[in-house]
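In what follows, a structure is listed as structure tokens, so that the remarks can point back to it.
Nothing in this text is a laboratory measurement; each read-out follows from the coordinates by a stated rule. All of these numbers come straight from a predicted model, not from anything done at the bench. Here the Cβ is made from the backbone with ideal geometry for all residues, glycine too, and neighbour counts use every protein chain on show.
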């Protein structure tokens, strides 16, 4: 159960970043397209809310004076998938990118309020530390132009001062690929260029890359919008498994997808957090009229 | 009962031609003139290029002997005893190597700064215009500037010194330093444009993995602009190979490669020599050597070099050599 962590505790402790032990350290189940046999690990899990990971307090973001996110307060727990839904241009992606401080890269962006990661203000953490703990998967699969192995190893290397040798990080890379459900498909040749993979495989590689350093939060910005339905299904299944170890925040325009993968749903409209609640509540008995119209397809 | 299938092709006949167009003879005179000029200019340039290559090829093959490439030049009143082009050939290669070795780190590092940091913006503007000024300076002016610099007493150890101790400011290192300024702009522009063309999401992906900007540059951006850098290097090399003014003023344009001092390798860098371009000049009817056959042979070798480099640029540009996929 703790094999990865145990293996590295003594021998390599200086050149490999410490990894936390997670549920999925138990022998993994490969996720492959079309495989749908009964498996307790892949049964839909009841939402078991874990510890609070992220806590947003009155977060507001402006782009050059134009408000994009208006005073959003909510909390994000491990063991849950939180879906941010809403029409385009309503601040979902901006809010998501605030959680790992990528909005800071936009010079015109200004922020008020605070975000706590396990009780620490994220703006007090060094950006590299924060982003290793709050990982992100983008809309477009964007593997780096290097081998599959190097893509996953990229996140693991250089966190340590000394560059770890391949032998030391290989188990971690394989573990991440397994958890992303990609290992069985690429195990023959990990040195293949990542750009030769299909779109769905590339996106799973990006997930593997993001979860390799064992982050506490995984941000996903419309991770399936560039993928075909089968790859989408594989990734949705994967999200269901990953949430046991991570707090997952996913931005999606696909309401059916939000309904399938999310435990909590937050509906954003014009920068406001209009409604926040469990998936069943938001979809079946929304409180706000805006939410009701949106989930019924009246606008957006 | 038999079934008869008529062996007829029932598909419509396809043709790729276009429909009838208006006759140019009905056009206005101005339109006709511009069309004519466009065709004539394109074809004319092809003709000029073909003429250069064919004529130099004809002359070159006529006078180029394998022995010429491996014989040192010599002074003689008879054409048949003036030796070969070994020294200029080595001089060209050595000067190119020095120029690129100096230009490469400068150009790539400044391109990284401009494309990835580039703040404050007034400083970035100054850096860009400085490089544009260097790019726009005629090579003879650069050469003159180089003479002024390398004649300074403090830089005397870098260059050739006459018997009496006078500083000439001429050496491979002096010429190479100025050549690096010639090669720098294309290399800088190629690297900068390559970096600017890398999509933002690639950088964000690396930042989102907890990478610093410099780690992103080293591990993600530079590998993905390898082909741009290679193109820039090739362009820089072809500019160095083709330059004459700096050779004449700063390399000494001596018949043989002369060394200075006794330390191996260093004495070569401090020494003087010539390149194919200066050899061609010297042996052209305008120069002192006046051995036109040798000039043609050397010019042909020079042309081959440059053509090969152009071919290489095209190959790299099309991504068939360094494709990362």
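What to note about this one:
- Degrees between helix B:292-317 axis and first principal axis of chain B (Cα, 0 to 90, nearest 10): 50 degrees
- For the segment A:122-132, counting C-beta atoms of other chains within 10 Å of every residue's C-beta and taking the mean gives 2.
- Working note: Debye formula, equal point scatterers on the alpha-carbon atoms of the range B:8-65, no solvent; log10 I(q)/I(0) at q = 0.14, 0.30 Å⁻¹ is -0.70, -1.09.
- Cβ-derived FRET efficiency at R0 35 Å, residue B:226 paired with residue A:49, nearest 0.05: 0.15
- Debye-sum result for the range A:207-300 in log10 I(q)/I(0), which assumes one identical scatterer on each alpha carbon, at q = 0.19, 0.24 Å⁻¹: -0.95, -1.30
- Full-extension gain in nm, residue B:306 to residue B:151, via 0.36 nm per residue minus C-alpha separation: 52.6 nm
- Sorted by Cβ neighbour density within 10 Å, fewest at the top, the residues B:226, A:243, A:290: B:226, A:290, A:243
- Three-way shape call for chain B based on the alpha-carbon gyration tensor, with the a/c threshold at 1.5: oblate
- The distance between label points at residue B:37 and residue A:230 comes to 5.9 nm (points 7 Å beyond Cα on the Cα→Cβ vector).
- Beta bridges by DSSP in the protein assembly as shown, antiparallel share as percent, to the nearest 5: 60 percent
- Estimated inter-spin distance, residue B:75 and residue B:23, nm [label 7 Å along Cα→Cβ]: 7.2 nm
- Relative contact order of the range B:64-317, pairs being alpha-carbon contacts under 8 Å that are 6 or more residues apart, as %: 24 percent
- Contour minus Cα-Cα distance for residue B:10 and residue B:135 (0.36 nm per residue): 38.6 nm
- Rounded, prolate or oblate (a/c below 1.5 giving rounded, otherwise prolate when a/b exceeds b/c) for the range A:158-228 by Cα gyration tensor: oblate
- Inter-chain neighbour count for A:134-144: the average number of beta-carbon atoms from partner chains within 10 Å of each residue's beta-carbon is 4.
- When the P(r) of the range B:250-321 is calculated, the portion above 21 Å amounts to 48% of the C-alpha pairs.
- Using a Förster distance of 22 Å, the FRET efficiency for residue B:106-residue B:212 (Cβ separation, nearest 0.05): 0.40
- Per-residue mean of C-beta atoms belonging to partner chains within 10 Å, peptide A:93-100: 1
- Cα Rg, Dmax (largest Cα-Cα span) when computed across the range A:111-237, Å: 15.2, 49
- Between the helical axis of B:121-136 and the longest alpha-carbon principal axis of chain B there is an angle of about 80 degrees.
- Projected over every direction and averaged, the convex hull enclosing the alpha-carbon atoms of the protein assembly as shown yields 49.5 nm².
- Against the main long axis of the alpha-carbon atoms of chain B, helix B:139-150 sits at an angle near 30°.
- Full-stretch length increase - residue A:120, residue A:165 - with 0.36 nm per residue and alpha-carbon distance subtracted: 13.0 nm
- Across B:127, B:189, B:108, mean-square fluctuation computed from a Gaussian network of chain B (C-alpha pairs under 10 Å connected) peaks at B:127.
- Anisotropy class of the range B:70-190 from Cα gyration tensor, a/c 1.5 cut: prolate
- Fewest-first ranking of B:31, A:221, A:118, A:62, using other Cβ atoms within 10 Å as the exposure measure: B:31, A:118, A:62, A:221
- Calculated FRET efficiency for the pair residue B:267/residue B:125, C-beta based, R₀ 41 Å, to 0.05: 0.45
- Result for chain B in a Gaussian network model with C-alpha springs under 10 Å: among B:119, B:59, B:72, the largest mean-square fluctuation is at B:119.
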